[in-house]
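Throughout, read-outs are computed from the coordinates displayed, never taken from laboratory work. These numbers come from a predicted model, not from an experiment. Glycine gets a Cβ as well: all are built from the backbone with ideal geometry, and neighbour counts include every protein chain shown.
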Amino acid sequence: MNKMDLDQLKKEQLELSSKVVIKDQFNELKTIAGCNQLVLNNEIHSCVVVCNYEDMSIIEKSFATREVEFPYIPDFLAYRAAPVIIDAFTKLKKKPDILLAEGNGILHPRRFGIVSHLGVALNIPTVGIANKLMIGRVEKDKIFVADELRGIKLETRIGSNPIYVNPGHKISVLKCIEVVKHCLRPPHKLPEPMHLAHKFINRIKKHAKES
């Protein structure tokens, strides 16, 4: 991946960021999905789990696999993982009201991380859950870039590092944190739909080791 290619992708991200909406564009929340990815033997696997929003019971899950075609570059995760997530998502019988995904939405240098990419591509509200702070400063758990509120730092489990919650598309910062808190089920660090997706995707890893 040369500098010219990355410059072109930066330009694309900046152009697509204009499509991102940071307002709540949904009605009653009935279903919520989480996804998780695993890279194994030059293949990237994705699992999407859809849960009932009220009690987090599993409604549906789907899987997809692709060959790895793009290197791991933090600012450009969408070009590596978004295609296989979209594959798994499109296999669902019914689209969920919100999708939770690992990574950033607007908490990104060009306001267009993988979670915003997924939101725009799928035309669905998306929430980003990042394990590290890519950009911005934290003031009383609120994350600002310049003077713009772009996310919330959230400690979900005692003794564990915090997560950084931020909008991807069609949802506000404050609604993001409300949704994520609703989805937490101790002792799990991640919101339950993402925890379940991680659990199911790890079965692929286990079977690979056993075979």
Charged-residue dipole, Cβ positions (Lys, Arg, Asp, Glu), the stretch 24-76 about Cα centre, Debye nearest 20: 140 debye
Relative contact order, percent, the stretch 47-157 [alpha-carbon distance under 8 Å, six or more residues apart]: 18 percent
Ranked by how many other beta carbons lie within 10 Å on average, peptides 42-48, 112-118, 184-190 from highest: 112-118, 42-48, 184-190
Length-normalised contact order of the chain in % [C-alpha pairs under 8 Å, at least 6 apart]: 23 percent
Residue-averaged [θ]222 nm for the chain, counting only DSSP H segments that reach four residues, each worth -39500 (n - 2.57): -10000 deg cm²/dmol
Length added when fully stretched, ASN131-LYS94, from 0.36 nm per residue minus Cα-Cα: 10.4 nm
Positive-pole candidate from VAL138, GLN8, SER172, dipole of the chain, charges at beta carbon: VAL138
Cα-centred dipole magnitude for the chain, charges only on beta-carbon of K, R (+1) and D, E (-1), debye, nearest 20: 260 debye
Alpha-carbon centroids, the stretch 58-115 and the stretch 155-211: separation in whole Å: 14 Å
Total charge dipole magnitude, the stretch 100-211, about the Cα centre, Cβ charges on Lys, Arg, Asp, Glu only, Debye to nearest 20: 300 debye
Packing-based ranking, highest mean first, of 25-32, 100-107, 140-147, 56-63 given that Cβ atoms within 10 Å are counted: 100-107, 56-63, 25-32, 140-147
Highest to lowest packing among 87-94, 5-12, scored as the average C-beta count within 10 Å: 87-94, 5-12
